[in-house]
Structure formats: C-alpha cells, structure tokens
1. State in Å² the accessible area per residue of segment 70-117; use a 1.4 Å probe, count heavy atoms of protein chains only, and round to the nearest integer.
2. Just to confirm a number: summing +1 for Lys and Arg and -1 for Asp and Glu over residues other than Ala57 whose beta-carbon lies under 12 angstrom from that of Ala57, what do you get?
Amino acid sequence: MFASAQPSAASSSLAVRMAANNQHQSSPPPAIEAELDVCLHAFAAARGLSANAIGVALSQLVEFDYSPDAICEASSERLKEITGLTEGQVLALKKFARQWCGKIDAKRARRATHATPVASPAPRKDAAAPPTSPADNEES
C-alpha cells in the first residue's frame with residue numbers, strides 16, 4: 001500500500017515550532033541616523049499625509065536636529081512652528097512618535113538579549129609564548 005498522505009506527528013510538531021518562531025521575528029530596527037526619516041514616513045503612511053507635507057516637516061526637523069524621541073518632548077506649539085503641520089497633525093505625530101519609539105526600543109532590547117557574543121580571536125600560532133617563570137625573563 002501507499003504511505004499515508006498525512007504528516008507524521010514529528011513533522012507537524014516541527015511545523016508548529018517553526019510557525020511560532022516566525023511570529024517572534026521582526027524586521028531589524030532602523031539605524032539611529034535613519035530613525036527620523038523612517039518614523040515620519042511611517043506616520044505619513046498611517047495618517048494619509050502627502051509626501052510634500054512630510055518632506056517639509058522632515059527637512060525642518062532635521063535642520064533643528066530633532067529625533068523621534070525629541071518630538072515626544074517638544075511642545076505642540078514649537079512643532080507646529082517648525083513643521084507647518086496643523087495642531088491636530090502635531091498631536092497625532094507626538095502620539096505616533098511615542099508609540100513608534102516604544103516599538104523600536106523593544107526591538108533593540110530583544111536583539112541585545114539574543115545577540116550572539118563575539119568570540120575573541122585565537123592567538124596566532126607564530127606568536128611567541130609569554131614567559132612562564134622569572135628565569136625565562138633573564139638574558140643569558
């Protein structure tokens with residue numbers, strides 16, 4: 001007879017474990033220097049803002065050396081003045097940036113706890129061995 005078409009218990013268990021592992025994997029956090037750009041473009045996509053409006057806001061925030069976490073701390077009035085966004089857009093941006101920073105911080109924390117330690121390089125074979133006794137240090 002032909003083998004059963006149903007997967008074995010071992011293979012279905014493996015499939016469940018692989019699916020569980022894939023649920024916990026996420027994209028890497030953006031580089032620090034790209035955070036503001038990534039955050040503002042994600043905000044624009046979430047809120048349906050025009051590329052022009054976000055481009056102006058981004059260039060102004062870069063000029064004043066803002067980061068996503070600094071957006072959370074700045075006053076709404078100052079952000080309106082810098083970005084040209086409306087009060088409602090600024091309030092939404094502050095809320096979005098706070099949540100976005102929390103997610104990025106969590107990603108970095110997960111990656112830090114799961115990072116593989118870097119092994120120290122093996123000593124070169126042609127390197128001289130260190131002296132093992134005081135007599136080895138004396139010259140003849």
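1. Accessible area per residue: 62 Å².
2. Net charge in that neighbourhood comes out at -1.
The values are calculated or read from the model by the stated rules, or taken from the named source; none is laboratory data. The model shown is predicted, which means the values in this text are computed figures rather than measured ones. With ideal geometry, Cβ positions are generated from the backbone for all residues, glycine too; neighbour counts draw on all protein chains shown. For accessibility, only protein heavy atoms count, side chains too; no ligands or nucleic acids. Shrake-Rupley method; radii C 1.70, N 1.55, O 1.52, S 1.80 Å.
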